Amino acid sequence: MESPTESRKKYRAVRWIALGGLLIAIILLALPKIDFTGDEDNGSGKNGAAGKGRGGPAQVVAYVVQVGQTNTPITLAGTLLPNEETDITSEVSGKITNIYFTEGQFVSQGTPLAQLNDSELQASLKKAEIRLNLAELNQKRKEGLLERNGVSEAEYEIALNELEVARADIALLQAQIEKTVVRAPFSGQVGLRHVSKGAYVTPSTVLTTLYDLNPLKLEFSIPESYALRVTPGTIFRYSVKGISGERSARVYAVEAGVDPSTRTRRIRATSPNGNRDLLPGQFAAVQMPVGTTSNLPIIPTMGVIPTIDGQQVMMVKDGKAAPRSIKTGARSESFIEVSEGLQAGDTVIIEGIQTARPGSPVIPVIRQ
């Protein structure tokens, strides 16, 4: 039987174990609320001005909109296009009996590229030629008889009409035979071949693509604020990645109006490509040859936020973040013009935009 002394010792041990467990549970519950960093809650984040204080307004870097001139070159995005481009197809259906070109070959206008089976048409042509010979003989015989009053004038006219019908049949068959030969519509470089000898093709079958690569066309768009500054004959300079030096292009066509969705006007220019070192589809960095721009509000490009409907900025208004839609114009390396939506003196957030929710309080740090 257990003595009273031993019972008291066991009781004390159980009590200490229970107290220790309770203390551990209290510590575990308090850990998430303990700040081990030692930072004071002074309303600023770890990243300085662009951070967000605990429970306080977000601190952001802002820029006061100014009106000025961007003297740096204005770079526009352009695309190189072939001078002419077309898919080569046959005008008629049939089986290909010969292919006369190799991929990448330069061909002159009118060069045969492929031949379709024309055996039936050739046989019909021979038959029509025999009919033509008979019609010619009959017409000459009737003509002689008419001079001697051997036949009536009506009979002679019938023979003459039969001769003309025979000649028309010959011309029709010759035109149909000509359509079995696929020819190059202009001089240029042949692309990849999509069919082989023996294939049956229809007018919707693309045999290959033909490109005229000299000169090339340069297509790009300019902001509507410059829509009237570019006319046919204007010279642009552009560069292509991977090719040293700049090239020149002369404007030959300007879109009649401004695209209402992008507020830009499309331009097309021609550029020599005698060495054929430029290729259609390449990106071209086009330099705007207009010198300094007009006086418009300018902001750092980092402050512009692309949206589905266009572009916007996050402003600071009455101590709170407020989004505003804008329309932009020309841009330089660091700044961009704003044609609509801002005016001088407005404050725009340029850093910490992700921490500034619409309507949330912000503390702007102004950057000059």
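The values are calculated or read from the model by the stated rules, or taken from the named source; none is laboratory data. For clarity, every value in this text was computed on a predicted model and none was experimentally measured. As a convention, Cβ positions derive from the backbone with ideal geometry for all residues, glycine included, and neighbour counts pool all protein chains shown.
Any idea which of Gly341, Gly329 is in contact with a Leu (Cβ under 9 Å, 6 or more places away or on another chain), in contact (Cβ under 8 Å) with a residue 24 or more places away in the chain and closer than 25 Å to Asp259 by Cα? Residue meeting the stated conditions: Gly329.
Going through Ser221, Ser204, Ser225 one at a time, which residue ends up being touching a residue at least 60 places away in the same chain (Cβ under 8 Å) and assigned to a strand (DSSP E or B)? Walk me through it before giving the result.
On the way: Ser204 fails: assigned to a strand (DSSP E or B); Ser225 fails: assigned to a strand (DSSP E or B).
When all the criteria are applied, what remains is Ser221.
Within region 342-368, if we keep just the residues that are touching a Pro at 6+ places or on another chain (Cβ under 8 Å) and assigned to a loop (DSSP other than H, G, I, E, B), the residue that is nearest to Tyr63 (Cα to Cα) turns out to be Asp346. In region 230-242, the residue that is farthest from the chain's Cα centre (by Cα) out of those that are surrounded by 12 or more Cβ atoms within 10 Å (Cβ to Cβ) and closer than 19 Å to Ala285 by Cα is Thr234.
Counting only residues that are on the phi < 0 side of the Ramachandran plot and without any contact (Cβ under 8 Å) to a residue 12 or more places away in the chain, region 228-245 holds 2 of them.
Conditions tested, residue by residue: (1) at pLDDT 55 or above; (2) hydroxyl-bearing (Ser, Thr, Tyr); (3) more than 30 Å from Thr264 (Cβ to Cβ).
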residue: Leu31; (1), (2), (3): yes, no, yes
residue: Asp39; (1), (2), (3): no, no, yes
residue: Asn42; (1), (2), (3): no, no, yes
residue: Gly53; (1), (2), (3): no, no, yes
residue: Thr75; (1), (2), (3): yes, yes, no
residue: Gly78; (1), (2), (3): yes, no, no
residue: Leu81; (1), (2), (3): yes, no, no
residue: Ser90; (1), (2), (3): yes, yes, yes
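Of the residues Ser221, Ser248, Ser225, which is at pLDDT below 90 and either in contact with a Gly (Cβ under 9 Å, 6 or more places away or on another chain) or under 24 Å from Gly188 (Cα atoms) (or both)? Answer to the selection: Ser225. Scanning region 253-277 for residues that are over 25 Å from Thr307 (Cα atoms), of a type outside the set (Asp, Glu) and either modelled with pLDDT under 85 or loosely packed, with under 14 Cβ neighbours inside 10 Å (or both) turns up Ala253, Ala256, Pro272, Gly274, Asn275, Arg276.
Check Glu162, Glu143 and return the single one that is surrounded by 14 or more Cβ atoms within 10 Å (Cβ to Cβ) and either assigned to a helix (DSSP H, G or I) or out of contact with any strand residue (DSSP E or B) (no Cβ under 8 Å at 6 or more places or on another chain) (or both). Selected residue: Glu162, the only one of Glu162, Glu143 that is surrounded by 14 or more Cβ atoms within 10 Å (Cβ to Cβ) and either assigned to a helix (DSSP H, G or I) or out of contact with any strand residue (DSSP E or B) (no Cβ under 8 Å at 6 or more places or on another chain) (or both).
To keep it simple, each residue is scored yes or no on (1) out of contact with any Gly (no Cβ under 9 Å at 6 or more places or on another chain); (2) farther than 21 Å from Gly104 by Cβ.
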residue	(1), (2)
Gly191	no, no
Val206	yes, no
Leu213	no, no
Gly233	yes, yes
Arg237	yes, yes
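From Ser325, Ser339, Ser271, which residue is within 29 Å of the chain's Cα centre (by Cα) and farther than 28 Å from Thr231 by Cα? Just one listed residue meets the conditions, Ser325. Within region 187-205, being of a type in the set (A, V, I, L, M) and surrounded by fewer than 16 Cβ atoms within 10 Å (Cβ to Cβ) holds for Leu192, Ala199. Residues in region 108-122 that are outside any loop (DSSP other than H, G, I, E, B) and either at pLDDT 95 or above or in contact with a Ser or Thr (Cβ under 6 Å, 6 or more places away or on another chain) (or both): Pro112, Leu113, Ala114, Gln115, Leu116. Does Ile336 meet the test of being buried (at least 16 other Cβ atoms within 10 Å of the Cβ) and modelled with pLDDT of 90 or more? Against the criterion (buried (at least 16 other Cβ atoms within 10 Å of the Cβ) and modelled with pLDDT of 90 or more), Ile336 does not qualify.
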